[in-house]
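The values are calculated or read from the model by the stated rules, or taken from the named source; none is laboratory data. Here the structure is a predicted model, which is why all the values come from computation and not from measurement. Reconstructed Cβ throughout: ideal geometry from the backbone, glycine too, with neighbour counts over all protein chains shown. When the accessible area is computed, the model is the full protein with side chains, heavy atoms only, and any ligands, DNA or RNA have been set aside. Shrake-Rupley method; radii C 1.70, N 1.55, O 1.52, S 1.80 Å.
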Amino acid sequence: PHLTQEVRHKDSSHTGAFRSSSAVAFEVWECVTMMAPSCSSGAAPYLGAAAAVAVAVGLGVQWQLCRRRRPRRGVQDLVRGNIKALEPYRCARDDYDEGVLLDANENSIGATVEAPPDPRELNRYPDPYQWALKAEIAKLRGVRKEEIFLGVGSDEAIDMVMRIFCTPQKDSILITPPTYGMYKVSAAVNDVNIQKAPLTPSFDLDVEALFRSVDSTTKIIFLCSPGNPTAKSIPLDVVEAVLSDERYDGIVVVDEAYVDFSSQPSACKLIPKYPKLIVMQTLSKAFGLAGIRLGMAMGNEQVISYFNNMKAPYNISKLTAEFAQGAFRNLELMRTNVKTILEERERVAKALATFSFVKHIHPSDTNFLLVKIPKAKEVYKTMADSGVVIRFRGSEMHCEDCVRITIGTPEENDKFLDLLQRTVKSLGVE
């Protein structure tokens, strides 16, 4: 009776009549799911009663159809049970960060630096959540500081998202090769299955092929935009098409390491609309801070809370935070450097286009060019031995005979162009 009452409450019109459609039967299932206790048995004990309700209102056939349709999972349904139950480590700086601090077993005498005194107080632990730095990032990216996780490069965030959502030997991630190699490495470390939906030969996302590759084990889809090694952005409307499609209800990660070089806007603007979206970025590219190892994941506050619960207590050092805050307070320098790199990218691409041995230059939305040349591996190795190091990418899907060329300073780019011509001539490349 209580099920019938709930269904009538949800579905009755002003006349008290029921709609004769499978949607009603599915609403019966939704009611069962809502009323089922949050336990390992879930809604299973209630299915018989729900079926009886469906038959009682003349929707037995529709009930059988809707039973084949799995309810869409919410964020909480996707998170591993042990992660939901995790009690985060509480460190000393969670409680107090000023006064006579005798609570964290630090060295109160001071840091062993070359020239004391130490104005940074490196003998003291850093802010475990780096709220001041997050406030700077939030202003630039148009998110709230509570929607940001900071990690040791974006690689830490890639690893953590798998540990949060993927049960080892059971769940899967889906990648779109050719793409960033750390997705496969982290999946292997975490014993997570890998599904693949290759990009087209022109490096576009095939949305229909993507959804043909999705199954009930797929927990995370990784979209690298702009891509590495493809150098191509995925249009924001395509990203949104993936997020909004009824055929998938898992997490979508958009990896935006190169976003500041891109003509496409960041997917951060979609975070308020899609709670299962996670956007990853880094300070290693446009900000030129690869050496401090700082990356970030941005998303729904509930999702980010799981990252913060799992992380090591003080994963971001004071020195890393100091340099990062300095960069965010000097955005004009970053933008000037990006402009210089984009101008040099255009100059190098134009020069390469005049070389008869260059077979194709892929369009780029990044700080590198992907270029097809004969004997690419030999060219790469010979140039490296002569002091100019590019990267061979010919073993990646759709990248046969390709090298990846990072745009350097004008002087470095000139050296590259000169040595490339001399190398291909010595190898007899035409």
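The label point for E411 and the one for K273, both projected 7 Å from the Cα toward the Cβ, are 4.7 nm apart. The order of K232, K350 by accessible area, most exposed first and with a 1.4 Å probe, is K350, K232.
If DNA, RNA and ligands are ignored and the probe is 1.4 Å, what is the ranking of M160, M182 by accessible area, most exposed first? Please list the in-between numbers first.
Working: M160 0, M182 55 Å².
So the residues, ranked largest to smallest area, are M182, M160.
Indicate the gyration tensor shape class of the stretch 169-252 (rounded, prolate or oblate), computed on the Cα atoms with a ≥ b ≥ c the square roots of the eigenvalues: a/c under 1.5 is rounded; otherwise a/b larger than b/c is prolate and the rest oblate.
Numbers: a/c = 1.93, a/b = 1.18, b/c = 1.64.
Oblate shape, in that a/c is at least 1.5 and b/c is the bigger or equal ratio.
S216 sits with roughly 80 Å² accessible to a 1.4 Å probe, with DNA, RNA and ligands left out of the calculation. The figure for Y314 is an accessible area of roughly 60 square angstrom, using a 1.4 Å probe on the protein chains alone.
How much net charge surrounds K276 when only the other residues with a Cβ under 11 Å from the Cβ of K276 are counted, with Lys and Arg +1 and Asp and Glu -1?
Working: positive: R72, R73, K219, K273; negative: D77, D249.
So the surrounding residues net to +2.
Here the spin labels are modelled as points 7 Å beyond Cα on the Cα-Cβ line, and at K425 and A85 they lie 7.1 nm apart.
Counting charges near A376 (Lys, Arg +1; Asp, Glu -1) among other residues having Cβ under 12 Å from its Cβ returns a value of +4.
What trypsin sites (Lys or Arg not before Pro) in the stretch 290-333 are in a loop by DSSP, with at most 11 other Cβ atoms within 10 Å of the Cβ?
Working: sites: R293, K311, K318, R329; in loops: R293, K311, R329.
Filter output for the stretch 290-333: R329.
Any chance you could look up the accessible area of K170 with a 1.4 Å probe, heavy atoms only, rounded to 10 Å²? So the heavy atoms of K170 present about 130 Å² to solvent. Applying a DSSP loop filter and a limit of 12 other Cβ atoms within 10 Å to the GluC sites (Glu not before Pro) in the stretch 305-409 leaves E400.
Spatially, the stretch 383-430 and the stretch 291-336 are offset by 33 Å when compared through their Cα centroids.
For L243, L210, L122, give the ranking by accessible area with the largest first, probe 1.4 Å.
Final ranking, largest accessible area leading: L122, L243, L210.
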